[in-house]
């Protein structure tokens, strides 16, 4: 049997092989992944094949519209009997994350019916990721399709409901209950996995927040320490400055007081002389007074010098003493700062160690919680494994008991059939022997014996009918007893399954309660993490304020730079306007030049018309002269052609290649060629062309690009004109060429050369 195991319970083994095979086109629309949908397809295909149904599948997404016309055409072309639609109409999830199954609508469409219509076959649920659930779903689909009297009706699929095997029904019910239990276990396992993932994510988030908090605490401590050191240094500098100011003030004050004291002492030593009436002094007296004055002034200067020297020495000594005091004070302050810093570092280390201990304790608690979860998961897995093993043992025991009972019933039935057959054979032999004996003994009483035999045969017939009736009644009673026993066994199995479900539900409730407890613990941890996050955000806010101040300063600088750039742009704009004015002036000059050129071209055109008239007269004279010359003289005329190529600007490169080919071919034909390229708007009338053709050119060739024929190909019209006659253009070629192809380039050049030679 295949992995689906969806053999119909109403059909005996091997019975379906006698029915003609049918074909069904199955359309599946589901939200499952490719691997899950492929699993459903394989199991359904195997189960359909076991029930003698050939299938082909078409897969669509649940929200995707399926192409009904294409499906109908495929079914009709492939001679399919039915179209089966398995459509997902709902899905079931856990916490909007884990998909655990969906509900499917099953419908059928009889392709070969005279009045085809969609037939609803009911609904069924399935979890595509669990194989037992898929197998159960496949059985339900097969039962809905093949076992339903509305599907495959009148196609040799008429099953006798009276032959339904009750034991197999009980086994199917037990298997369905087991599958439901497996699905529930799978759901619980997925819930546990999701719970593990959430716990792991919460733990990772908690570790991340703890690390960020540690970094923030360290950064805050470092900032605080730096700020304290800066504040202490500022205080120290302020005190030192105040001390220096006080020392300077004291020194100046002492100097002033000392100078005043010296002046007072000097005044006492040298009192002011009493002003007397000047007397007439002799020369000697005046010289002596002058010398005395000089001596006294020298003494005063010497005394002042000595006093200044002493004051300088005293100031030096005072400065030395003050410097010594300053060094002592600085040393003391440094020692105090060092001691305070060490104390703060010790307190910070203690705080950090306390935080580390707290984090380690929380980590140990988390590890213990994780270990408890693992232990609970291990116990749950062991319990699930024990339940599964016990379920398998029960199934094995049931299978063994069913097998033994079946063998016993078959043996009893066989013995009973053999005994009845022997009894019938013995009875027949006995009756035959009696009949023969009676015929031999009572030949003379033939009529009497015949009557007796007839009555005996009637009696035997009645006895046989009575025995047959008793046998039928006994078989009916045995069948009723067997059905009653099987029904009791089924009820007992259902009771056990219900009891197991209740036990499993109680276990699930306990596990759910444990999960809720874990969720509460996680909420508490998240609350703590949020508090830590608030602290971190506060520190970030302070940093953001500082950043805003820096940003404001930067914006001011940018504003100044923007003003400078605006000035620069204004100057550039003025320069651009000046350049535009210059360009406008140049454009006006160019237009004036073009008008002048147009006037000049008009004059040249008039001159060309006059020249053409003169040339036409000359050509007539020459033609008359050439008529008189031998025919061979005309062939010896050398060709000097003026080639005009008129076409679109986008094909200019191809025209240049054509120009090279023409000049090359003309060189081998012992002719000359001068080429010019015109735009499509340029006129090529006789009056426009002749003015630009020099007198040395005797032939003008026009290669004119016409409409596009296909990708890369265009129609080219070739015309030739004798510049020395008054004749108009003569068309010699009109054909499509692709000038992007070297072969077409060569072909066009060769044809022009051939026409020119002719």
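Once the convex hull of the C-alpha atoms of the stretch 381-446 is built, how many Å³ does it hold per residue, rounded to a whole number?
Values: hull volume 2.7 nm³, N = 66.
Expressed per residue, the convex hull around the Cα atoms of the stretch 381-446 is 41 Å³.
Run the simple label-point estimate for residue 492 and residue 42 please: 7 Å along Cα→C-beta, distance reported in nm.
3.9 nm
Which value in Å does the Kirkwood hydrodynamic radius of the stretch 638-757 take, with 1/r averaged over all unlike C-alpha pairs and then inverted? All intermediate terms of the calculation are to be shown ahead of the outcome.
Working: mean 1/r = 0.0695 Å⁻¹.
The Cα-based Kirkwood calculation yields 14.4 Å.
Principal axis extents for the stretch 493-544, Cα atoms only, whole Å, descending order, please.
Here the spans come out as 71, 13, 5 Å, largest first.
Please give the length that would be gained between residue 326 and residue 571 if that part of the chain were fully extended, namely 0.36 nm times their separation in residues minus their C-alpha to C-alpha distance (nm, one decimal).
Numbers: separation 245, 0.36 × 245 = 88.20 nm, distance 6.13 nm.
Between residue 326 and residue 571, full extension yields 82.1 nm more.
Percentage of Cα-Cα pair distances in the stretch 517-563 greater than 14 Å, rounded to whole percent?
On the way: 725 of 1081 pairs.
Distances greater than 14 Å cover 67 percent of the Cα pairs.
Kindly give Rg over Rh for the stretch 330-439, based on alpha-carbon atoms, with the Kirkwood expression for the hydrodynamic radius. Please report the intermediate quantities before stating the final value.
On the way: Rg = 46.4 Å, Rh = 23.9 Å.
Here Rg/Rh amounts to 1.94.
Which FRET efficiency, nearest 0.05, do residue 112 and residue 750 yield, Cβ-Cβ r, R0 51 Å? Mind showing how you got there, number by number?
Values: r = 70 Å, r/R0 = 1.37.
Here the calculated transfer efficiency is 0.15.
For the stretch 47-138, what Kirkwood radius comes out of the mean inverse Cα-Cα distance, in Å?
Values: mean 1/r = 0.0666 Å⁻¹.
Over the stretch 47-138, the inverse of the mean reciprocal pair distance is 15.0 Å.
Rule-based calculations on the coordinates, nothing more; no lab input. Quick caveat, the model's predicted, so the values are computed rather than measured. Counting neighbours? That spans all protein chains shown, and the Cβs are built from the backbone with ideal geometry, glycine included.
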